[in-house]
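In what follows, a structure is listed as C-alpha coordinates, so that the remarks can point back to it.
The values are calculated or read from the model by the stated rules, or taken from the named source; none is laboratory data. Just so you know, these numbers come straight off a predicted model, no measurement behind them. Here the Cβ is made from the backbone with ideal geometry for all residues, glycine too, and neighbour counts use every protein chain on show. Ligands, DNA and RNA are stripped out before the accessible areas are found, and what is left, the full protein with its side chains, is counted by its heavy atoms. Shrake-Rupley method; radii C 1.70, N 1.55, O 1.52, S 1.80 Å.
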Amino acid sequence: MMEQQSVGLFKEEDTIQSTYIQWMNQQLKTQHKTWQEIKASLQDAVSVIQALENAAGVRCSPKYSCNPRFSIQRVENWMVACTFMKNIGVDVNGFKPDELASGSDSAICNMFRSILKWQQLSVK
(Lines give C-alpha, C1' and ligand atoms only; values in the text may rest on other atoms or scores of the structure.)
Protein backbone atom coordinates (compact mmCIF):
# COMPACT_ATOMS: atom_id res chain seq x y z
CA MET A 1 0.00 0.00 0.00
CA MET A 2 2.75 2.45 0.92
CA GLU A 3 4.62 1.57 -2.27
CA GLN A 4 1.63 2.55 -4.43
CA GLN A 5 1.48 5.97 -2.80
CA SER A 6 5.16 6.53 -3.51
CA VAL A 7 4.72 5.58 -7.13
CA GLY A 8 1.88 8.12 -7.41
CA LEU A 9 4.05 10.87 -5.96
CA PHE A 10 6.89 10.12 -8.35
CA LYS A 11 4.54 10.17 -11.32
CA GLU A 12 3.14 13.52 -10.19
CA GLU A 13 6.68 14.89 -9.79
CA ASP A 14 7.57 13.60 -13.27
CA THR A 15 4.53 15.39 -14.70
CA ILE A 16 5.51 18.65 -12.99
CA GLN A 17 9.11 18.38 -14.19
CA SER A 18 7.88 17.54 -17.68
CA THR A 19 5.76 20.72 -17.69
CA TYR A 20 8.75 22.86 -16.66
CA ILE A 21 11.03 21.23 -19.22
CA GLN A 22 8.43 21.68 -21.95
CA TRP A 23 8.08 25.39 -21.10
CA MET A 24 11.84 25.90 -21.10
CA ASN A 25 12.30 24.09 -24.42
CA GLN A 26 9.52 26.16 -25.97
CA GLN A 27 11.18 29.39 -24.83
CA LEU A 28 14.67 28.27 -25.87
CA LYS A 29 13.78 27.17 -29.42
CA THR A 30 15.32 30.31 -30.86
CA GLN A 31 18.55 29.58 -28.94
CA HIS A 32 18.64 26.05 -30.44
CA LYS A 33 18.87 24.61 -26.94
CA THR A 34 16.90 21.78 -25.39
CA TRP A 35 16.51 20.67 -21.83
CA GLN A 36 16.34 17.06 -20.75
CA GLU A 37 16.80 17.31 -16.99
CA ILE A 38 16.02 20.23 -14.72
CA LYS A 39 18.82 20.38 -12.14
CA ALA A 40 21.71 20.03 -14.58
CA SER A 41 20.21 22.71 -16.80
CA LEU A 42 19.64 25.14 -13.94
CA GLN A 43 23.10 25.22 -12.43
CA ASP A 44 24.17 28.59 -13.80
CA ALA A 45 20.81 30.36 -14.46
CA VAL A 46 21.79 31.20 -18.05
CA SER A 47 19.00 29.16 -19.69
CA VAL A 48 16.39 30.52 -17.29
CA ILE A 49 17.43 34.10 -18.03
CA GLN A 50 17.37 33.45 -21.78
CA ALA A 51 13.94 31.78 -21.55
CA LEU A 52 12.58 34.69 -19.55
CA GLU A 53 14.02 37.19 -22.04
CA ASN A 54 12.19 35.35 -24.80
CA ALA A 55 8.92 35.08 -22.87
CA ALA A 56 8.98 38.72 -21.74
CA GLY A 57 10.26 40.14 -25.01
CA VAL A 58 12.89 42.24 -23.23
CA ARG A 59 16.59 41.85 -22.52
CA CYS A 60 17.82 41.14 -19.03
CA SER A 61 19.40 44.00 -17.19
CA PRO A 62 21.82 43.94 -15.46
CA LYS A 63 24.13 41.76 -17.52
CA TYR A 64 24.94 38.22 -16.48
CA SER A 65 27.85 35.86 -17.08
CA CYS A 66 27.10 33.72 -20.16
CA ASN A 67 29.79 31.19 -19.27
CA PRO A 68 30.18 31.17 -15.49
CA ARG A 69 33.18 29.15 -14.38
CA PHE A 70 33.08 29.73 -10.65
CA SER A 71 30.35 29.08 -8.11
CA ILE A 72 30.24 32.77 -7.16
CA GLN A 73 29.43 33.62 -10.79
CA ARG A 74 26.56 31.09 -10.75
CA VAL A 75 25.16 32.66 -7.57
CA GLU A 76 25.54 36.13 -9.11
CA ASN A 77 23.66 34.90 -12.19
CA TRP A 78 20.83 33.70 -9.96
CA MET A 79 20.79 37.09 -8.26
CA VAL A 80 20.47 38.73 -11.68
CA ALA A 81 17.77 36.21 -12.69
CA CYS A 82 15.72 36.93 -9.57
CA THR A 83 16.05 40.69 -10.08
CA PHE A 84 15.00 40.28 -13.71
CA MET A 85 12.01 38.13 -12.69
CA LYS A 86 10.92 40.77 -10.19
CA ASN A 87 11.33 43.54 -12.79
CA ILE A 88 9.10 41.76 -15.32
CA GLY A 89 6.45 40.93 -12.73
CA VAL A 90 7.24 37.38 -11.61
CA ASP A 91 6.51 36.85 -7.91
CA VAL A 92 9.91 36.02 -6.38
CA ASN A 93 8.59 35.18 -2.91
CA GLY A 94 9.26 31.55 -2.10
CA PHE A 95 12.78 31.21 -3.48
CA LYS A 96 16.16 32.88 -3.11
CA PRO A 97 19.17 33.05 -5.43
CA ASP A 98 21.40 30.94 -3.16
CA GLU A 99 18.69 28.24 -2.89
CA LEU A 100 18.36 28.10 -6.67
CA ALA A 101 22.13 27.99 -7.14
CA SER A 102 22.40 25.10 -4.70
CA GLY A 103 19.65 23.17 -6.51
CA SER A 104 16.96 23.24 -3.81
CA ASP A 105 13.99 21.24 -5.12
CA SER A 106 11.42 23.39 -3.33
CA ALA A 107 13.01 26.64 -4.54
CA ILE A 108 13.12 25.36 -8.13
CA CYS A 109 9.46 24.28 -7.98
CA ASN A 110 8.41 27.60 -6.45
CA MET A 111 10.32 29.49 -9.12
CA PHE A 112 8.71 27.60 -11.98
CA ARG A 113 5.25 27.90 -10.44
CA SER A 114 5.76 31.67 -10.24
CA ILE A 115 7.05 31.86 -13.81
CA LEU A 116 4.15 29.82 -15.21
CA LYS A 117 1.63 31.86 -13.22
CA TRP A 118 3.23 35.09 -14.49
CA GLN A 119 3.08 33.87 -18.07
CA GLN A 120 -0.58 32.86 -17.74
CA LEU A 121 -1.45 36.27 -16.30
CA SER A 122 0.55 38.19 -18.90
CA VAL A 123 -1.16 36.37 -21.78
CA LYS A 124 -4.64 37.47 -20.67
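Points to keep in mind about this one:
- Apart from one condition, residue 44 fits all of (1) surrounded by 18 or more Cβ atoms within 10 Å (Cβ to Cβ); (2) acidic (Asp, Glu); (3) more than 12 Å from the chain's Cα centre (by Cα); the exception is (3).
- Given (1) closer than 18 Å to residue 23 by Cβ; (2) open to solvent by less than 70 Å² (accessible area, probe 1.4 Å), number of the condition residue 121 does not satisfy: (2)
- Hits in segment 24-41 - residues which are open to solvent by 20 Å² or more (accessible area, probe 1.4 Å) and in contact with a Phe, Trp or Tyr (Cβ under 7 Å, 6 or more places away or on another chain): 25, 41
- Cβ-Cβ distances below 7 Å connect the following pairs, each with a first residue in segment 63-92 that is among the acidic types (Asp, Glu), a second residue that is part of a loop (DSSP other than H, G, I, E, B), and a separation of six or more residues or different chains: 76/65.
- Qualifying residue in segment 66-88 (condition: at pLDDT below 90, open to solvent by 80 Å² or more (accessible area, probe 1.4 Å) and either out of contact with any Ser or Thr (no Cβ under 6 Å at 6 or more places or on another chain) or not small (Gly, Ala, Ser) (or both)): no
- Identification of helices (runs of 4 or more DSSP H) wholly contained in segment 22-96 with 3 or more residues that are in contact with a Leu (Cβ under 7 Å, 6 or more places away or on another chain) yields 46-56, 71-88.
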